[in-house]
Amino acid sequence: MTNENKENNLNFRILTHSGCSDGFYSAWIVKRYFNELTGQNLTREQITQIPVLGQRPAKMQTGEIELTEFDIVLDLPLPEEKKVFMWVDHHSSAKPKRDLHAHEHWELLPSCTGQLITMLKNKGVEISKELEDFKIAMDKNDSADYTSEEIKESYYQQDPKHQASTLLKAHILSSFVHTRDIFLNNTLLENLTKADQNADSPLSDKQLLQVVPELFHQARLTGHVEWREQVDTYIKYNEEHKTIVQDNRLVRRTKGIVDRFYQYIKFPQASYGMIIKDKDEDLVYFGIGCNIFHKDRCKIDIGKLCKDIATKFGTGGGGGHKTVGGAVLNKEHTEAAIAMILETIQNADKSNQN
Ligand SMILES: [Mn+2]
């Protein structure tokens with residue numbers, strides 16, 4: 001970057017995954033350790049002014065967002081042809097098909113926040129205990145590597161005397177970006193990533209704590225209770241295939257705030273879980289996973305299955321990891337897709353018993 005560009009630092013922007021704790025914390029880490037991570041020499045004032053914009057991953061892929069060479073893209077896929085200032089991502093589906101430039105960082109890791117902290121470490125920045133503990137918590141959070149006790153701590157009301165773990169603290173502090181109002185989520189994201197220089201991690205950032213994260217967390221817990229009450233009326237366990245089926249098409253509109261782990265708390269005996277929901281008038285979304293507490297029960301490659309059903313019953317939008325994935329299908333093929341998924345599970349079960 002030329003000197004002229006350096007002075008023109010107001011062109012920098014941070015684009016990060018919206019409605020996502022990892023996206024929020026990634027932006028915070030970049031703001032807090034901006035010069036260390038980017039090799040720039042900006043003043044605190046200049047760094048504070050860099051805007052943070054929440055984005056949905058799909059929008060990055062369709063090219064709807066005009067990117068520039070001053071953009072820092074975090075926890076989001078990168079459109080192949082665009083050149084940005086920096087890109088950092090950890091999703092398996094974003095794996096680049098070409099060699100990476102020096103400013104592009106992709107690694108299959110549990111979280112983007114953790115990836116950034118490791119980058120700092122590799123640059124010789126000393127990592128405090130607080131930051132290291134925060135990294136461990138975020139790696140757990142973003143890769144759903146929870147025990148059922150840890151889920152209960154974060155997603156259910158605790159006794160007021162309960163001593164919060166770092167995992168719960170990180171969960172509470174990111175409740176800002178998980179309300180059902182995306183405008184509120186993005187406004188908070190954009191304004192809460194000033195990154196206090198006296199804080200090693202977001203957990204001790206005074207500006208964040210002033211917004212009373214505990215209230216956002218309380219609202220989120222109330223939303224989860226309402227969500228679970230509604231889901232209880234239609235979620236089913238298919239004993240034969242050891243598969244949970246949560247078909248959101250059975251309700252006119254969903255209530256409350258999604259509790260992403262509820263399926264496996266309610267049906268711990270399950271091997272797999274499936275979520276079906278209307279995407280628009282023509283398309284239906286399938287989310288498939290294995291029981292997060294028993295990944296050993298997963299006898300199929302779910303990412304591959306999602307890709308297969310998307311190719312067969314959709315326009316090709318599908319994929320994921322070995323133990324979790326998603327696909328967008330044409331509505332008229334919904335029942336055929338369900339049948340194919342259950343059959344794949346059954347066949348894998350049979351061949352494992354032999
Ligand atoms: Mn992430």
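Computed values, structure above
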{"read-out": "Ellipticity estimate at 222 nm from DSSP helix runs (n ≥ 4, -39,500 (n - 2.57)) divided over the chain, nearest 500", "value": "-12000 deg cm²/dmol"}
{"read-out": "Segments 79-87, 22-30 sorted - mean Cβ within 10 Å per residue, highest first", "value": "22-30, 79-87"}
{"read-out": "Net charge dipole size for the range 235-353 [Lys, Arg +1 and Asp, Glu -1 on Cβ; Debye, nearest 20]", "value": "360 debye"}
{"read-out": "GNM result for the chain, Cα springs below 10 Å: residue of MET340, MET138, MET274 fluctuating most strongly", "value": "MET340"}
{"read-out": "Given LYS255/LYS307; LYS31/LYS135; LYS169/LYS194; LYS95/LYS194; LYS129/LYS161, the pairs whose alpha carbons are separated by over 28 Å", "value": "LYS255/LYS307; LYS95/LYS194"}
{"read-out": "The range 235-353: Cα Rg divided by the 2.2 N^0.38 Å rule of thumb", "value": "1.00"}
{"read-out": "Unit charges at the beta carbon, dipole of the chain: most positive-side option, ILE244, SER111, GLN40", "value": "ILE244"}
{"read-out": "Free-standing Cys residues across the chain, given no other cysteine C-beta under 4.7 angstrom", "value": "CYS20, CYS112, CYS306"}
{"read-out": "Size of electric dipole in the chain: Cβ of Lys, Arg +1 and of Asp, Glu -1, about Cα centre, debye, nearest 20", "value": "440 debye"}
{"read-out": "Value in Å of the Kirkwood radius, where the range 138-274 supplies the Cα pairs that are averaged", "value": "16.6 Å"}
{"read-out": "Given LYS295/LYS322; LYS242/LYS350; LYS236/LYS304; LYS266/LYS295; LYS242/LYS312; LYS299/LYS350, the pairs whose alpha carbons are separated by over 19 Å", "value": "LYS236/LYS304; LYS242/LYS312"}
{"read-out": "Dipole of the chain, positive end: most advanced residue of ALA199, ILE276, GLN346 [Cβ charges, Cα centre]", "value": "GLN346"}
{"read-out": "Acute angle (nearest 10 degrees) that the helix 182-191 long axis makes with the longest principal axis of the chain, alpha-carbon atoms", "value": "30 degrees"}
{"read-out": "Selection from SER154, GLY124, ILE72, by position along the positive dipole direction of the chain (Cβ)", "value": "SER154"}
{"read-out": "At 0.692 mPa s and 37 °C, Stokes D of the chain from Kirkwood alpha-carbon radius, µm² per second", "value": "151 µm²/s"}
{"read-out": "Proxy reagent accessibility, fewest Cβ within 10 Å first, across PHE34, PHE134", "value": "PHE34, PHE134"}
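Read-outs: derived from the displayed coordinates by stated rules, not from any lab. Values in this document were obtained by computation on a predicted structure and should not be read as measured data. FYI the Cβ positions are ideal-geometry reconstructions off the backbone, even for glycines, and counts take in every protein chain you see.
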